[in-house]
Each structure stands twice: as structure tokens, then as C-alpha cells.
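Derivation of every value follows stated rules applied to the coordinates shown; laboratory data play no part. Just so it is clear, the model here is predicted, and its values are computed rather than measured. Here the Cβ positions follow ideal geometry from the backbone for every residue, glycine too, while neighbour counts run over all protein chains shown.
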Amino acid sequence: MLTLRFYALALVCPALLLLTVLIPFLTPIALVYGLGLAVLAWLDRRSAGTSAQFRVERDHDQKLSLGVPNRIAIRVASRAQRPMILTVRDEPPDLFVGSDSATLQQALAPGETHTLDYYVRPLQRGDFAFGDLNVRWEGPLKFYTRQAVIPAREGVQVYPNLHDIRAYDLLVRREQLAEMGLHNVRMRGEGTAFESLREYTPDDPYRSINWKATARRGKPISTDYEPERSQRVIAVLDVGRMMRSPIRVDDPDGVSWNMAKVDFVINSVLLFSYVATLKGDQVGLLVFADQVQQFIPPAAGRAHFQKLREAMYALQSQPVEADYGRALGYLQVHHKKRALVVLFTDLSGARASEALLTHLPRLAPRHLPLLVTIRDPALDQEAGQRPDNSDAVYRRAVAEQLIDERRLLLDHLQRRGVLTLDVDASHLTMAVVNRYLELKARRLA
């Protein structure tokens, strides 16, 4: 492909030919100029070389994470004999936010290797595919641009947010969970499971002193223990019609994107299940819409968590109303041992509210029910705006009414023994995990 530089220089040729009307001897000059320019363009194309002088590869996690930026690395290496600028355009799935940033450019010296990065945010779980890698570079005279397609088509799976799990593991090792927004709620001095070492304080019992660590560090060191009690935790997930509605998120960098409520919840359930597994609890999962779609009884261990993860990867919401009575009745019949039952749903209308009031309190006192509802930030935004016209007044009144009805329902449930957690999508995951850690520390389940 000829460049703008070539076309700019080529315009000189017709200009010279026009001048031959006044200056006839410019005719041979114009012809020689045009022929010379064509030869230079041919030589430039030939000198540009082929795509064989580059090595271009894509690298990313085998499983991408839903709703968060995922790093895609493009490694480029030059085998050319001269410096050049290489442009690479990747072909990520169209449904990924950030696909427009997949065109990258890098100056390469002979024999040099670089890694170029861009980020994509998948908004749906499932199987997707990257396309080929397209490369473009210029000849030494910049008269000709060559381009080529490097075969790189590959499938990729989008799972619930695995990034949070990796971050949790890292911060646990560093004892920096606060950076993730998690509270490390402990019951010091109780239990028999080793928790951590720390400096001795006058309030510590004498038996908590770790004499080996004290001798090694040259100062009194205490051992913290945590309760070994294994609890049962069941995540009850509503995948009915109202959970399909999207929630708009505005990133601090100015990018806006929409993701279904059910996917926000699945991300939260994944980390919640992982933390509970690490704490030694038995974790189960019940998925329902108008029927119970899946029930995985509580069990402990990492292998069981992998089973839960694969189940959440394959979940799909349904265009039907959720039947709380059927789901909670099923749970009472098939799981009679006491458990912390965490119901993730959306408060949507009088009928759903009445069903929750009827059926959820029946879990107590055998179980400890916790209702987790995802709040749409758009509703709070409408209620907090100062109206400047009649339409805005109406929208604010409706938003305030919905918020009041929501608060009234949650208050009724709390008075009937149901714990509640109402939080916006962006803070849902950490709020759920923190509430679980709090309940476990208080030994309520």
C-alpha cells in the first residue's frame, strides 16, 4: 500500500506536466521524475521485506475473568537488519470492553524484543475467540507500507472473577487484606488452629507465648489461634428474570460499561465461596429461577471449590419469575443441618417482596438466613438529584418511593430473624465476604 508521502511527491509530476504548456522542455523532466518515483516505490516495497522478519505472539491467562480488566500481552521481536516501526492490531472478541485499544505500535531496533499490553473487560461468561494478529510496517523510504496477517486464532473462556482470588491469596500472604477492602476479624486466644505470630502484649495469656519464636527473635512472641469449628454455608442464587437486567458502571478513567446483575452476584459468590473454603467451612450452592436448577450439597476442600467454580461458569439466567417458595422449600427438605444460608436476589416489586416475607423467615431458627440484595446505583442517583423540570420531579419521586419500599421490606425481614445486606454492585463482593467473616467470628452460624 502506497503512503501519503509517495502521493504527495507524486503530485509534483502532474504539476510539471501542466507547466509544459508554458515551458515545453519540462516534459522529459516530468517523465523522468515520474518513472524515478515509481522505481523508488518498487525498491522501497522490496526493501520492506516480509512478515517473516518479525515474530509476533499473543499471551494471556488461559481463563479470563468476568467484569475486570484482563491483560493481553503481545510479544514482538525483530529479525530485520534495520530499525523500523511496527504496528500490531489484535482481534479480541467484539463483546469485550477495550477492544478499541487493541492497536499497538512499537519502534524496533534490529534483534530487539518488546512486550506490548492492552486490557479487555469481558462482560459475559462463556466461550469466546480471539482472531488473527495484523501487522503493518513501512519501507526504508516510507513510500510503501506492507501489511500481513499472522494466524493466531484461539478460543478463550471467560470465568467468574478469578483475579479477586489471586489477589486474596497474595494479600493473605502479605497480611495486607485491608488493601482489598476486607476486614481481618479475629477471635484472639481462642481455638486450636494456628493463625499467626505477633508480639506479646500484657493482656495475652501466659500459655499463648511461643517459646521457640521468642528465642529466635529475642523478644516475647505470642501465637494467635482461630476456632477450628467447621460451619456449613449455602449460597442460594436467583437467576430469574429480574437478575438479567444490566447495571451501568462508570469507571474512574471515564469508561462506562453494563453488566447483568446475575454476573455481579456470581463474581461475589465465587470469592465468598473461596474464602469460606479456606476457613475450613463446607460450602454448597443452590441455583433457582421458577424451578431449582442445581443443588450442590455443602462440602469442604479445594476440589469441591473447583466443582462450584465450574458450576458458576456455566450458569445462565432465565426469562422467568423467581419462585422463592419452591427454592427455599427444596432447601429445607434436602438440607436439614444448620447452615448459613445466603440468598442473592433482587428486590423487584410487591409480589417478590411478599414472597420473601412469607418464605425466607421460615428458615429460622434451624438455619441462619442472610438476604443479599444488589442495589442499582442509578436509583440512588435519581433520588439524590435536584429536579429542574416536571419530568425530573416525577423520576425522583418514583426513585424515593422504591427506596422506601425496599428499606421497609428489609426492616420487616430483620424483625423476623433474617439478616440483610443491601449494597451497590461495585462494593458487593467485599461487603459479602466481610459480613461472612463477621458472622463466623461471632459464631452465629
Legend entry - LYS337-ALA299 pseudo-label distance in nm [points 7 Å out on the Cα-to-Cβ vector]: 1.3
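Rounded to the nearest 0.05, what FRET efficiency do ASP251 and SER47 have when you use their Cβ-Cβ distance and R0 = 45 Å?
0.50
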Legend entry - ASP132 paired with PHE25, simple spin-label distance in nm, labels 7 Å along Cα-to-beta-carbon: 5.4
Legend entry - the chain: angle of helix 302-313 to the longest principal axis, Cα-based, in degrees nearest 10: 60
Legend entry - Label-to-label distance, nm, for residues given as GLN81 and ARG5 (7 Å Cα→Cβ offset): 1.9
Inset, instruction - Enter the angle in degrees (range 0 to 90, nearest 10) between the Cα long axis of helix 324-334 and the first principal axis of the Cα atoms of the chain, meaning the one along which they spread out most. - result: 60
Legend entry - Charged-residue dipole, Cβ positions (Lys, Arg, Asp, Glu), the range 232-442 about Cα centre, Debye nearest 20: 1300
Inset, instruction - Report the charge-dipole magnitude of the chain in Debye, nearest 20, computed about the Cα centre from +1 at each Lys and Arg Cβ and -1 at each Asp and Glu Cβ. - result: 1380
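Given 0.36 nm per residue, what is the gain on full extension from ILE209 to VAL68 after removing their alpha carbon distance, in nm?
Net length gain for the segment: 46.4 nm.
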Inset, instruction - Return the calculated 222 nm mean residue ellipticity for the chain, to the nearest 500 deg cm²/dmol, obtained by summing -39500 (n - 2.57) across DSSP H runs with n ≥ 4 and dividing by the residue count. - result: -11500 deg cm²/dmol
Inset, instruction - Have a look at SER317, SER256, ALA8 and report the one farthest towards the positive end of the charge dipole of the chain, computed about the Cα centre with Cβ charges (Lys/Arg +1, Asp/Glu -1). - result: SER317
Inset, instruction - Report the one residue of PRO202, GLN293, ALA364 whose Cα lies farthest in the direction of the positive end of the charge dipole of the chain (charges on C-beta: Lys and Arg +1, Asp and Glu -1; origin at the Cα centre). - result: PRO202
Inset, instruction - Give the residue from LEU270, GLN414, GLY284 lying farthest towards the positive end of the charge dipole for the range 232-442; charges sit on Cβ (+1 for Lys and Arg, -1 for Asp and Glu) and the dipole is referred to the Cα centre. - result: GLY284
Inset, instruction - Could you compute the FRET efficiency for LEU40 and ALA107, with r as their C-beta to C-beta distance and R0 at 22 Å, rounded to 0.05? - result: 0.40
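Going down the table (LYS337/LYS440; LYS261/LYS337; LYS261/LYS440), which pairs top 20 Å between alpha carbons?
Pairs exceeding the cut-off: LYS261/LYS337; LYS261/LYS440.
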Inset, instruction - List, in order, the whole-Hz ³J(HN,Hα) value for each residue of the range 42-55 obtained from phi through the Karplus relation with A = 6.51, B = -1.76, C = 1.60 and θ = phi - 60°; use x for Gly and Pro. - result: 5, 5, 5, 5, 5, 6, 5, x, 10, 5, 5, 7, 10, 10
Inset, instruction - Which order do the peptides 404-415, 17-28, 312-323 take when ranked by the mean count of other beta-carbon atoms within 10 Å per residue, highest first? - result: 312-323, 404-415, 17-28
Inset, instruction - Using a Förster distance of 41 angstrom, determine the FRET efficiency expected from the C-beta separation of GLU154 and HIS427, and round it to 0.05. - result: 0.75
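Quote the relative contact order of the chain in percent (integer), defining contacts as alpha-carbon pairs under 8 Å separated by 6+ residues.
It rounds to 12 percent for the chain.
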Inset, instruction - Express in nm, to one decimal, how much length is gained between ARG366 and ASP100 on full extension, taking 0.36 nm for each residue of separation and deducting their alpha carbon distance. - result: 90.5 nm
Legend entry - Chain lengthening between ARG326 and ARG416 when straightened (0.36 nm per residue, less Cα-Cα): 30.4 nm
Legend entry - Matching label, Cα extents along the principal axes in Å computed from the structure shown, candidates (1) 105, 72, 42; (2) 72, 65, 42; (3) 84, 53, 41: (1)
